[in-house]
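This report concerns only the one structure given below.
The values are calculated or read from the model by the stated rules, or taken from the named source; none is laboratory data. Not measured: the values here are computed from a predicted model. Here the Cβ is made from the backbone with ideal geometry for all residues, glycine too, and neighbour counts use every protein chain on show.
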Amino acid sequence: MIEKDLVVIGGGPAGLSACKIAAEAGMKVAVFERSFALGGQLVKQTHKFFGSESQYAKVRGMEIAKILIKDLEKTDAEIYLNATVVGLYKDNIITVYQNGRYFKVKAKAIVIATGASEKFLAFENNDLPGIYGAGAVQTLMNIHGVLPGKEVVMVGSGNIGLIVSYQLIQAGVKVKALVEAAGKIGGYGVHASKLRRLGVPILINTTVKRAIGKDKLEKIITVKLDQNWNEIAGSEEEIACDALCISVGLSPLHQLLSMAEANMLYVNELGGLVPIKTCDYETSLKGVFAAGDVTGIEEASSAMVEGKIAGLMAAKHSGFIHPEYEKLENQLNSELCVLRQGPCGEKIRCGLKKVGELA
Amino acid sequence: MRVDEHPILKFEKKNIIHFTFNGHDMIGYDGDTIAAALVDNGIMKFSKSVINNRPRGFYCAIGNCDSCNMTVNNIKDVKTCMTLLEEGMKVENELHEVIIND
């Protein structure tokens, strides 16, 4: 069995940040990533980030991924790609599946940074080929340069829906409409304004009633919703499209933590089932820490800061004190406060209160 | 269908990779996942639902939804969105359909 000081599960913004800090603290680190590349979903983000300089504001997500990967490569952290962690056990042992082979790794501490997956939406024929998660479309067009279709409708006006719509237009696809079930746009006004300027109709109080097509998507039927989210009879409209992108939020990839029977709580504001953590980011499983979207859906900027804190604390837990421990602890916690302040951070603050993270 | 022009990204022409899908010759490019190359070749139906036999398309691209699972080089249930295309790969779904090239 392989033995490490720290195992990090997930090579996205939170996981990579945790690895770096823990390696700096002197830990022998291994990171396990199920994809063939590190960087998580940053690698397909062509937009520039917000936040402050320490979270790489004004830098494109894909460039941030390169910085994080380069930083990690400077450490002696061991990187396992195409490596899916399929088991998490209470004695800090994981089972990994890689290239047709299973093996076990034992660690003094584990950081779970598995991220999130896209939520689905229930409507008739929602499984027709041509209906994609918005993130999948972003991967196709921004990484591979492959287009999902010629005419697209986006469902959901959160930041992902708004940004991916804009990126579809940049890639040469016609965005016929963006539908939003709520009475107002979910994401930042600055992203919505860009779409409006390009003439994309943003239909609020509207959802998808049905998808139509023989074997693949040909058109959708939308319907207006009243204030109680009930369909308004007679308000159906038809939109022809060959691709539909679903962007109705993300849900934490909690399965490993649930499997190991960590204390979990369903928190709507955080996107689903999340682990209860101490202020040191330790879950109810001793030595198992969690950071990033798996602990509640937020921006990648926060995931990076959380990852650093989890790395710092996991190191401390195992007797490795980072040379700048005190400075970093204060600095990182105040960075998170700044990222979560204001009206945009209200939802996340409310969610974190429910898991006891914020007083 | 590939991106023609892009204000931010540059897609340089990469080396061609030959593969077969359900016995039909297809091409993709270096760095493509199997799934991306299939979408580029106009393939929409990736798998089918177990009970109702309804076709399933490409959905999540992060290795989570299982809609893109196919048999690759005779190995079943390979996540095609998480697997890079390689020269000579034999990719099959379980729909066994005839593809008409236009």
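Can you pull out the residues in segment A:99-137 that are without any contact (Cβ under 8 Å) to a residue 40 or more places away in the chain and closer than 18 Å to A:VAL29 by Cβ?
Passing the criteria: none in range.
May I ask you to say which residue of B:ASN93, B:ASN52, B:ASN73, B:ASN64 is at pLDDT below 95 and out of contact with any Ser or Thr (no Cβ under 9 Å at 6 or more places or on another chain)?
Details: B:ASN93 fails: out of contact with any Ser or Thr (no Cβ under 9 Å at 6 or more places or on another chain); B:ASN73 fails: at pLDDT below 95; B:ASN64 fails: out of contact with any Ser or Thr (no Cβ under 9 Å at 6 or more places or on another chain).
From the options B:ASN93, B:ASN52, B:ASN73, B:ASN64, the qualifying one is B:ASN52.
Looking at segment A:244-263, which of the residues that are within 14 Å of another protein chain (Cβ to nearest Cβ) and within 22 Å of A:GLU33 (Cα to Cα) is surrounded by the most Cβ atoms within 10 Å (Cβ to Cβ)?
Restricting to residues being within 14 Å of another protein chain (Cβ to nearest Cβ) and within 22 Å of A:GLU33 (Cα to Cα), the top hit is A:PRO252.
So B:GLU92 clears everything in (1) more than 10 Å from chain A (Cβ to nearest Cβ); (2) more than 26 Å from A:GLN98 (Cβ to Cβ); (3) surrounded by 14 or more Cβ atoms within 10 Å (Cβ to Cβ) except one condition, right? Which one?
(2)
Looking at segment B:47-62 only, could you name the residues that are over 15 Å from A:GLN138 (Cβ atoms), surrounded by 17 or more Cβ atoms within 10 Å (Cβ to Cβ) and facing another protein chain (nearest Cβ under 7 Å)? Spell out how you get there, then give the answer.
Here is the first cut: in segment B:47-62, the residues over 15 Å from A:GLN138 (Cβ atoms) are B:47-57.
Within this subset, residues satisfying the condition of being surrounded by 17 or more Cβ atoms within 10 Å (Cβ to Cβ) are B:47, B:55-57.
Selection gives B:PRO55, B:ARG56, B:GLY57.
Residues checked against (1) among the β-branched types (Val, Ile, Thr); (2) in the same structural domain as A:ALA315 (by TED's automatic domain parsing); (3) at pLDDT below 95; (4) touching a Leu at 6+ places or on another chain (Cβ under 6 Å):
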residue	(1), (2), (3), (4)
A:LEU88	no, yes, no, yes
A:ILE94	yes, yes, no, yes
A:TYR97	no, yes, no, no
A:ASN126	no, no, no, no
A:PRO129	no, no, no, no
A:LEU162	no, no, no, no
A:LYS176	no, no, no, no
A:VAL179	yes, no, no, yes
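For segment B:22-99, please list each of the strands (runs of 3 or more DSSP E) lying entirely inside it that holds at least 1 residues being of a type outside the set (S, T, N, Q) and at positive phi.
Strands (runs of 3 or more DSSP E) meeting the threshold: B:75-79.
Which one of these is touching a Cys at 6+ places or on another chain (Cβ under 7 Å), outside the structural domain of A:ALA14 (by TED's automatic domain parsing) and not aromatic (Phe, Trp, Tyr): A:GLY133, A:GLY145? Can you show your working first?
Values: A:GLY145 fails: touching a Cys at 6+ places or on another chain (Cβ under 7 Å).
Criteria check complete, one pass: A:GLY133.
Please indicate, with yes or no, whether at least one residue in segment A:49-70 is surrounded by 15 or more Cβ atoms within 10 Å (Cβ to Cβ), touching a residue at least 40 places away in the same chain (Cβ under 8 Å) and in contact with a His (Cβ under 7 Å, 6 or more places away or on another chain).
yes
Quick check on segment A:167-178: of everything there that is outside any loop (DSSP other than H, G, I, E, B) and crowded, with 22+ Cβ neighbours inside 10 Å, which residue is farthest from the other protein chains (Cβ to nearest Cβ)? If you could, list the steps in order and put the result at the bottom.
Here is the first cut: in segment A:167-178, the residues outside any loop (DSSP other than H, G, I, E, B) are A:167-170, A:174-178.
Filter again for crowded, with 22+ Cβ neighbours inside 10 Å, leaving A:167-168, A:175, A:178.
Values: A:GLN167: 9, A:LEU168: 10, A:VAL175: 15, A:LEU178: 20 Å.
The extreme case among them is A:LEU178.
Among the residues in segment A:211-227, are any under 24 Å from the mean Cα position of the chain (by Cα) and assigned to a strand (DSSP E or B)?
Taking segment A:211-227 as the starting set, the residues that turn out to be under 24 Å from the mean Cα position of the chain (by Cα) are none.
So far as segment A:211-227 goes, no, none of its residues is under 24 Å from the mean Cα position of the chain (by Cα) and assigned to a strand (DSSP E or B).
Would you check if A:GLY156 is modelled with pLDDT of 95 or more, within 14 Å of chain B (Cβ to nearest Cβ), within 30 Å of B:ASP4 (Cα to Cα) and crowded, with 24+ Cβ neighbours inside 10 Å? Full working, then the answer.
On the way: modelled with pLDDT of 95 or more: yes; within 14 Å of chain B (Cβ to nearest Cβ): no; within 30 Å of B:ASP4 (Cα to Cα): yes; crowded, with 24+ Cβ neighbours inside 10 Å: yes.
Answer is no for this residue.
Mind listing just one residue for me: the one in segment B:7-45 that is at the interface with chain A (Cβ under 7 Å from one of its Cβ atoms) and either over 22 Å from A:ALA136 (Cβ atoms) or touching a helix residue (DSSP H, G or I) at 6+ places or on another chain (Cβ under 8 Å) (or both) and, of those, surrounded by the fewest Cβ atoms within 10 Å (Cβ to Cβ)?
Ranking the candidates gives B:PRO7 first.
Name every residue in segment A:317-345 that is surrounded by 13 or more Cβ atoms within 10 Å (Cβ to Cβ), of a type in the set (D, E, K, R) and more than 14 Å from A:ALA23 (Cβ to Cβ), in order of residue number.
A:GLU329, A:GLU335, A:ARG340
Give me the pairs, please: first residue somewhere in segment A:220-236 and assigned by TED's automatic domain parsing to the domain that holds A:LYS184 and β-branched (Val, Ile, Thr), second residue anywhere and surrounded by fewer than 19 Cβ atoms within 10 Å (Cβ to Cβ) and assigned to a loop (DSSP other than H, G, I, E, B), beta-carbon distance under 8 Å, and either six or more positions apart or on two chains.
Partner pairs satisfying both residue conditions: A:ILE221/A:GLU236; A:THR222/A:GLU236; A:VAL223/A:ILE232; A:VAL223/A:SER235; A:VAL223/A:GLU236; A:ILE232/A:ASP226.
Would you pick out the residues in segment A:201-242 that are surrounded by 13 or more Cβ atoms within 10 Å (Cβ to Cβ) and of a type in the set (Gly, Ala, Ser)?
To start, the set of residues in segment A:201-242 that are surrounded by 13 or more Cβ atoms within 10 Å (Cβ to Cβ) comprises A:201-213, A:215-225, A:231, A:235-237, A:239, A:241-242.
A:ALA211, A:GLY213, A:SER235 - these are the residues of segment A:201-242 that are surrounded by 13 or more Cβ atoms within 10 Å (Cβ to Cβ) and of a type in the set (Gly, Ala, Ser).
Condition first: part of a loop (DSSP other than H, G, I, E, B) and either in contact with a strand residue (DSSP E or B) (Cβ under 6 Å, 6 or more places away or on another chain) or more than 14 Å from chain B (Cβ to nearest Cβ) (or both). Now tell me which residues in segment A:83-112 satisfy that.
Residues satisfying the conditions are A:LYS90, A:ASP91, A:ASN92.
Any residue at all in segment B:52-60 that is touching a residue at least 24 places away in the same chain (Cβ under 8 Å) and of a type in the set (Ser, Thr, Tyr)? Even if it seems obvious, please write down each step before you answer.
Pass one, segment B:52-60, residues touching a residue at least 24 places away in the same chain (Cβ under 8 Å): B:55.
Then keep just the ones that are of a type in the set (Ser, Thr, Tyr); that gives none.
No: zero hits.
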